[in-house]
Amino acid sequence: MGLIRTQSPSPPFHATLPSPLRPLLLPRTVSTSQRICCCFGLQIEARVNSNLSKTSLVTGFSSGWSETQSLVLKKPVNNYSLPLGALLTSKTPDLSSMPLTGDEKIGVLLLNLGGPETLDDVQPFLFNLFADPDIIRLPRLFRFLQRPLAQFISVLRAPKSKEGYASIGGGSPLRQITDAQAEELRKALCAKNVPAKVYVGMRYWHPFTEEAIEQIKRDGIKKLVVLPLYPQFSISTSGSSLRLLEGIFREDEYLVNMQHTVIPSWYQREGYIKAMANLIEKELRNFDYPDKVMIFFSAHGVPLAYVEEAGDPYKAEMEECIDLIMEELEKRRITNAYTLAYQSRVGPVEWLKPYTDETIIELGQKGVKRLLAVPISFVSEHIETLEEIDVEYKELALESGIEKWGRVPALGCEPTFISDLADAVIESLPYVGAMAVSNLEARQSLVPLGSVEELLAAYDSQRRELPPPVTVWEWGWTKSAETWNGRAAMLAVLVLLVLEVTTGEGFLHQWGVLPLFR
Ligand SMILES: C=CC1=C(C)c2cc3[nH]c(cc4nc(cc5[nH]c(cc1n2)c(C)c5CCC(=O)O)C(CCC(=O)O)=C4C)c(C)c3C=C
Ligand SMILES: [Fe+2]
């Protein structure tokens, strides 16, 4: 075992390289006194003084596969307050001195949610969504009910969802748009002298992440950049996709040996911020008095417990993102009033507030007359922009006294945005196979990086049980009773399901729901 010398080790610190050298992405455990980082193809075990009260992040990086890493012991960091978007190394390798591509085949894997392409896809799509433990996290004892429950909820929700998808042309445009973004990204990378193959891996519908990975293997990709198409990180979106990927990687010999890096969130990138500001600036011009328009950022919500109990950085990243966009607009002398609200909540639990619908009503009551809606958590048009914002919220706004309503389009294949994604990929290449560490001060210029495992360990490491965000049915109860009624209903459903599954008889069989179980 060799000893790695560290820079200014304080408190006492040493790291050892186990022999033989272990491949990337080995499972490892983390405690406040010990953290094992997998980087450069070596597993590095780092011990820090156990009297540290919080987890310290210990890591290193190198410009290649040399064994002379420098390890830096960071100050204690509270895992739950560390935005993934700020995962950066303070010691930046000199990118200009590094070959960006070499001879190895580069792949970029775009991760996205996926959406039903036809109305017949809606129920199985919903099944996949609700079967995801990062969407409905059941108590340990009831984990075996995840799929039956997903089946049950998806069957009950499908009619409502189908109505929505029918109103936007009979299916989600997500696959088409994501494919187009992948192609534009490929072209942008090529134009920047980085030939790469770009893959699309969806979480809940075709092309599934597993399908993309199979293609990546067939193509013999040696270096992979994983890029979730969500600007801000959430346990329920990028986190869920990365967790899935982590499982796939761990079990596959090819993937264990393939170098990769992850760009967990990129809401703070200059190009993305500028692209959003461009769209807002352009849309404001459609109003008679552009400076009198309230800019209304509407983000997809998450249940409050994700943020407050599991440490989801989503809210913090969202707020920072909006500050950055407003700063950029201010530079252009656009100083409109603005606000942020959260849309698309499902079920009885409390979601991030303020809610979009309630905020619209309040703004109308306060006398706001012009509103420009800005969808902020997603970069493609989808059911929640085309139906919820364009139809439902617009109608609500007009009823609430708003006289002029506008909506900023989703980024889609906007050239500044695609070019910035290409830059993000290129900037990440020197880190493929390497590990980076948080530096809250350094935010611009570099891509936040980490390994899939490390990222997921930074948040939600304990995978606490969360109240399920969805409900099986809803009726008119008061807000304060909602949570408890919802939980009681869920328990009752679980008991009924257990009885049905064990006896083979009951109301679900009578309704013809249970024979649909996979
Ligand atoms: C950043 C974006 C998103 C977060 C965060 C998110 C969390 C989240 N979503 C649900 C439940 C549903 N989401 C549905 C569709 C859907 N969700 C997102 C994005 C985020 N979800 C998108 C882009 C879409 C639309 C995809 C498309 O087809 O165009 C649906 C299905 C539609 C419906 O029936 O309303 C559900 C259900 C939960 C529970 C959750 C956090 C826990
Ligand atoms: Fe969603």
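The values are calculated or read from the model by the stated rules, or taken from the named source; none is laboratory data. All values reported here derive from a predicted model rather than from experimental measurement. Positions of Cβ are generated from backbone atoms using ideal geometry, with glycine treated the same way; all protein chains shown enter the neighbour counts.
Within region 411-422, the presence of a residue that is buried (at least 19 other Cβ atoms within 10 Å of the Cβ), within 16 Å of ligand 1 (Cβ to nearest atom), touching a residue at least 60 places away in the same chain (Cβ under 8 Å) and under 18 Å from S167 (Cβ atoms) is excluded. Take I322 and decide whether it is out of contact with any helix residue (DSSP H, G or I) (no Cβ under 8 Å at 6 or more places or on another chain) and among the β-branched types (V, I, T). Against the criterion (out of contact with any helix residue (DSSP H, G or I) (no Cβ under 8 Å at 6 or more places or on another chain) and among the β-branched types (V, I, T)), I322 qualifies. The set of residues in region 107-140 that are of a type in the set (A, V, I, L, M) and at pLDDT 95 or above comprises V108, L109, L110, L111, L113, L119, V122, L126, L129, A131. Return only the number of the condition from (1) closer than 26 Å to P264 by Cα; (2) β-branched (V, I, T); (3) in contact (Cβ under 8 Å) with a residue 40 or more places away in the chain; (4) within 16 Å of ligand 1 (Cβ to nearest atom) that T339 does not satisfy. Condition (4) is where T339 drops out.
Considering only region 231-252, I want to know if a residue exists there that is over 30 Å from A150 (Cα atoms) and away from ligand 2 (no atom under 16 Å from the Cβ).
Initial filter on region 231-252 (over 30 Å from A150 (Cα atoms)): none.
No.
Residue-level analysis places F287 outside the set of residues that are away from ligand 2 (no atom under 16 Å from the Cβ), in contact with a Phe, Trp or Tyr (Cβ under 9 Å, 6 or more places away or on another chain), within 25 Å of E358 (Cα to Cα) and touching a residue at least 60 places away in the same chain (Cβ under 8 Å). Selection within region 290-325: residues that are away from ligand 2 (no atom under 16 Å from the Cβ) and among the β-branched types (V, I, T). The member of this set that is farthest from the chain's Cα centre (by Cα) is V293. Identification of strands (runs of 3 or more DSSP E) wholly contained in region 241-351 with 1 or more residues that are under 30 Å from K404 (Cβ atoms) yields 294-300, 338-343.
With respect to Q232, is the statement that it is in contact with a Cys (Cβ under 9 Å, 6 or more places away or on another chain), touching a residue at least 60 places away in the same chain (Cβ under 8 Å) and assigned to a helix (DSSP H, G or I) true? Judged against the criteria, Q232 is not a match. When only residues in region 104-121 that are more than 10 Å from ligand 1 (Cβ to nearest atom) and in a helix (DSSP H, G or I) count, which is farthest from G169 (Cα to Cα)? So the residue we want is D120. Looking only at region 333-348, residues that are out of contact with any Lys or Arg (no Cβ under 8 Å at 6 or more places or on another chain), on the phi < 0 side of the Ramachandran plot and within 14 Å of ligand 2 (Cβ to nearest atom) come to 3 in all.
Within region 108-141, if we keep just the residues that are surrounded by fewer than 16 Cβ atoms within 10 Å (Cβ to Cβ) and either among the basic types (K, R) or in contact (Cβ under 8 Å) with a residue 60 or more places away in the chain (or both), the residue that is nearest to ligand 2 (Cβ to nearest atom) turns out to be P139. Candidates are the residues of region 122-160 that are within 21 Å of the chain's Cα centre (by Cα) and within 17 Å of A492 (Cβ to Cβ); the one that is farthest from ligand 1 (Cβ to nearest atom) is L138. Of the residues L279, L227, which single one is in the same structural domain as H382 (by TED's automatic domain parsing), in contact (Cβ under 8 Å) with a residue 60 or more places away in the chain and either surrounded by fewer than 21 Cβ atoms within 10 Å (Cβ to Cβ) or within 22 Å of the chain's Cα centre (by Cα) (or both)? Result of the check over L279, L227: L279.
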